[in-house]
Amino acid sequence: MNLGKTIIVGGGIIGLSTAIHLAKRGVKNITILERHYIGGGQSGRAAGILRSLVRDARVASWLRYTQVYCQNIANDFGIGE
């Protein structure tokens, strides 16, 4: 998909999610504009700890999927560390 240049205003959870979903759809030229720092603001304050020690097997599998996804995100999107 070639949309030219895509600009997302805000680097919180919604802006980052939008960028990820656009990248998965093939959008190549994405710029995120953030006033302070990526994941800061309310998104940074609401961040929790990813863990898989829960009783419900479904919740544990979702948490494990999230852990693996976050560990691989740099490789999946060609982001340097």
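Where a number appears in this text, it was derived from the coordinates with a stated rule and is not lab data. These figures come from a predicted structure and were not determined experimentally.
Amide H contacts under 5 Å for G12: G39, restricted to partners 5 or more places along the chain or on a different chain, H placed in the peptide plane at 1.01 Å from N. Amide H contacts under 5 Å for I32: I8, restricted to partners 5 or more places along the chain or on a different chain, H placed in the peptide plane at 1.01 Å from N.
Note that the stretch 13-25 has calculated 3J(HN,Hα) couplings of 4, 6, x, 5, 4, 4, 4, 4, 5, 5, 4, 5, 8 Hz, one per residue in order, obtained from phi through the Karplus relation 6.51 cos²θ - 1.76 cosθ + 1.60 (θ = phi - 60°); glycine and proline are x.
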